[in-house]
1. For the range 96-109, state whether one or more residues are surrounded by fewer than 19 Cβ atoms within 10 Å (Cβ to Cβ), in a loop (DSSP other than H, G, I, E, B) and either touching a helix residue (DSSP H, G or I) at 6+ places or on another chain (Cβ under 9 Å) or modelled with pLDDT of 95 or more (or both).
2. Among (1) farther than 14 Å from residue 135 by Cβ; (2) modelled with pLDDT of 95 or more; (3) surrounded by 15 or more Cβ atoms within 10 Å (Cβ to Cβ), where does residue 64 come up short?
3. Looking at 130, 112, 120, which is the one that is more than 17 Å from the chain's Cα centre (by Cα) and either without any contact (Cβ under 8 Å) to a residue 40 or more places away in the chain or more than 18 Å from residue 37 (Cβ to Cβ) (or both)?
4. Looking at the range 49-60, can you tell me whether even one residue there is assigned to a loop (DSSP other than H, G, I, E, B), at pLDDT 95 or above and over 24 Å from residue 146 (Cα atoms)?
5. Anything in the range 81-95 that is crowded, with 20+ Cβ neighbours inside 10 Å and touching a helix residue (DSSP H, G or I) at 6+ places or on another chain (Cβ under 7 Å)? List them, or say none.
6. If you go through the range 13-20 one residue at a time, do you hit one that is closer than 21 Å to residue 104 by Cα, surrounded by 17 or more Cβ atoms within 10 Å (Cβ to Cβ) and modelled with pLDDT of 95 or more?
7. Checking residue 88 against (1) touching a residue at least 60 places away in the same chain (Cβ under 8 Å); (2) within 17 Å of residue 44 (Cα to Cα), only one condition comes out false. Which one?
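The values are calculated or read from the model by the stated rules, or taken from the named source; none is laboratory data. Keep in mind it's a predicted model, so treat the numbers as computed, not measured. Backbone-built Cβ (ideal geometry, glycine too); neighbour counts: all protein chains shown.
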């Protein structure tokens, strides 16, 4: 549990397995960037046919575009967790560099199995909180209980809806981008009316 969240907002988009959370995060980041929010962190991408087992998994640094492999290749549709935590070790410096450079919002692709066990990118969450930088992540069962224990009631749970994500970011980042024009807000609302896309992760 984080003993002192300070003034840094912390939120997780809560979703169910099969929902394309990465596409939602990508669209949300694009809108926030267009509003002038300085975003750092990583987004998750996978490959494989829709409805089938993923064949690879990596994260992409939002600032540099560098990709990091976090997938343990154990054959097609191998059972059990295939996250390669060694890949997360390579990801951490990119997130720390974003904090050092003074981003407004840090995106951490997941609060997942590794973080629920006190590993993975948990240190990046704590570092962002200590720096007063807003943190946005995504989580799903069965890791939601570990998420609740981590933030101790000081974090926020967001619905997997872009309008709610944008509104949280507007009030939570250092720059509080109230300068979002009415036209931009309208475009966000239009985008959220589109059909959702499922995936297998």
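1. For the range 96-109, residues surrounded by fewer than 19 Cβ atoms within 10 Å (Cβ to Cβ), in a loop (DSSP other than H, G, I, E, B) and either touching a helix residue (DSSP H, G or I) at 6+ places or on another chain (Cβ under 9 Å) or modelled with pLDDT of 95 or more (or both): present.
2. Result: residue 64 passes all but (3).
3. Only one candidate passes the filter, namely 130.
4. No, the range 49-60 contains no residue that is assigned to a loop (DSSP other than H, G, I, E, B), at pLDDT 95 or above and over 24 Å from residue 146 (Cα atoms).
5. 88, 95, listed by residue number.
6. Yes, because at least one residue in the range 13-20 is closer than 21 Å to residue 104 by Cα, surrounded by 17 or more Cβ atoms within 10 Å (Cβ to Cβ) and modelled with pLDDT of 95 or more.
7. (1)
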